[in-house]
1. All but one of (1) open to solvent by less than 50 Å² (accessible area, probe 1.4 Å); (2) under 23 Å from the mean Cα position of the chain (by Cα); (3) farther than 15 Å from A164 by Cα hold for D102; state the number of the condition that does not hold.
2. Which ones in the range 286-304 are farther than 16 Å from L232 by Cα and in a helix (DSSP H, G or I)?
3. Collect the residues in the range 123-152 that are modelled with pLDDT of 85 or more, open to solvent by 30 Å² or more (accessible area, probe 1.4 Å) and closer than 20 Å to S103 by Cβ, keeping them in residue-number order.
4. Which of the residues spanning the range 77-87 are crowded, with 17+ Cβ neighbours inside 10 Å and of a type outside the set (S, T, N, Q)?
5. Would you point out which residue out of A225, A214 is open to solvent by 50 Å² or more (accessible area, probe 1.4 Å), among the aliphatic types (A, V, I, L, M) and within 30 Å of D59 (Cα to Cα)?
6. Only one of A108, A61, A53 is surrounded by fewer than 20 Cβ atoms within 10 Å (Cβ to Cβ), modelled with pLDDT under 85, of a type in the set (A, V, I, L, M) and touching a helix residue (DSSP H, G or I) at 6+ places or on another chain (Cβ under 7 Å). Can you tell me which?
7. Inside the range 155-195, can you point out the residues that are part of a helix (DSSP H, G or I), at pLDDT below 55 and open to solvent by 60 Å² or more (accessible area, probe 1.4 Å)?
Amino acid sequence: NDLLDLAKVEAGKLEVKAVEFTVSDLFGALRGALKPLSSSAPVELVFRPGPRALRLYTDEAKVAQVLRNFISNALKFTERGTVEVSAAYDDANDLVRFEVRDSGIGIAPADQERIFDEFTQIEGQLQRKHRGTGLGLPLSRKLAELLDGSIEVQSQLGHGSTFALVIPARLGGRVAEQFASAVHAKRILIVDDDETSRYVLRQIIGSGYQVLEAGGGGEGLQAMAQAVPDLLILDLQMPEMDGFGVLRQLQLQPQLAKVPVIVSTSMPLNSELLERLPNGSRILSKSTLSRDGVLALLREVLGE
């Protein structure tokens, strides 16, 4: 996959698809995806999203791909200690700096540029244990350039490494018009306690809509009270207030009762479930999500 992406970048065929998202949501999805890699070793994986909720407008999937490469490398080459992922905002230059800092084996100064050469892997005991293609970092640098950003490395042999991705908080030029249209696009609120599920839906829906998120039923109702969305995508199984509770509350509030709802669930789609839902409810099964199916249902419910 890395090789295919590199070929697309070099052919100018890898598209940049900017969406609006928060760093905390991005980190939540990465935490869920990468936690299994650190579960079998005495290495702690820590995420620090910054002092406030940083909101970006750029290609979230490509940012995630670069950070996944950084984090997976850090976990491979750190036998014990900590891998820390952080984000900081440079207000003066409107830049976001993501850092992945590890306490691993480190990289000699002479090798710190070589690691960005395709198919190159520095020789060593841990490297022989974790053989790879040598394409992750070269691809990451090219993806950073696509995002009008850069990659920086600080490392000392035997004392760990820090890889940084520095990008504009709002991708300009190519996607300025796309952002302007997104501001006036229809609003879709996703209410789901699972960060990874929200991330997947956000990636599928893309930049044609304003995508808002809430991590629970109560939080979702508060968000709807502040700004009524054009569509609600609602998970059913959530702690404190579940989706059934949200549906009951919506019917008690005239301004919210008319908001179209798509239920997103991993529960069995049987007659017992259908009886608990309002007549005519639209349902997305999490076990069979597809991009075409989700987008077709969105267009149908929104009358597009």
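The values are calculated or read from the model by the stated rules, or taken from the named source; none is laboratory data. These figures come from a predicted structure and were not determined experimentally. Neighbour counts are summed over all protein chains in view; Cβ atoms, including those assigned to glycine, are modelled from backbone coordinates with ideal geometry. Just the protein is used for accessible areas: all its heavy atoms, side chains included, with ligands, DNA and RNA removed. Shrake-Rupley method; radii C 1.70, N 1.55, O 1.52, S 1.80 Å.
1. (3)
2. Those that are farther than 16 Å from L232 by Cα and in a helix (DSSP H, G or I): S287, T288, R291, D292, G293.
3. Matches in the range 123-152: E152 only.
4. Within the range 77-87, F77, V83, E84, V85, A87 qualify.
5. Values: A214 fails: open to solvent by 50 Å² or more (accessible area, probe 1.4 Å).
Of the residues listed, the single one that is open to solvent by 50 Å² or more (accessible area, probe 1.4 Å), among the aliphatic types (A, V, I, L, M) and within 30 Å of D59 (Cα to Cα) is A225.
6. Working: A108 fails: touching a helix residue (DSSP H, G or I) at 6+ places or on another chain (Cβ under 7 Å); A61 fails: modelled with pLDDT under 85.
Result of the check over A108, A61, A53: A53.
7. Once the filter is applied, which keeps residues that are part of a helix (DSSP H, G or I), at pLDDT below 55 and open to solvent by 60 Å² or more (accessible area, probe 1.4 Å), the range 155-195 yields G173, R174, E177, S181, V183.
Yes/no per residue for (1) at pLDDT below 90; (2) over 22 Å from A223 (Cα atoms); (3) out of contact with any strand residue (DSSP E or B) (no Cβ under 7 Å at 6 or more places or on another chain):
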{"residue": "Q255", "(1), (2), (3)": "yes, no, yes"}
{"residue": "P260", "(1), (2), (3)": "no, no, no"}
{"residue": "V263", "(1), (2), (3)": "no, no, no"}
{"residue": "E272", "(1), (2), (3)": "yes, yes, yes"}
{"residue": "G280", "(1), (2), (3)": "yes, yes, yes"}
{"residue": "S287", "(1), (2), (3)": "yes, yes, yes"}
{"residue": "S290", "(1), (2), (3)": "yes, yes, yes"}
{"residue": "V294", "(1), (2), (3)": "no, yes, no"}
{"residue": "L302", "(1), (2), (3)": "no, no, no"}
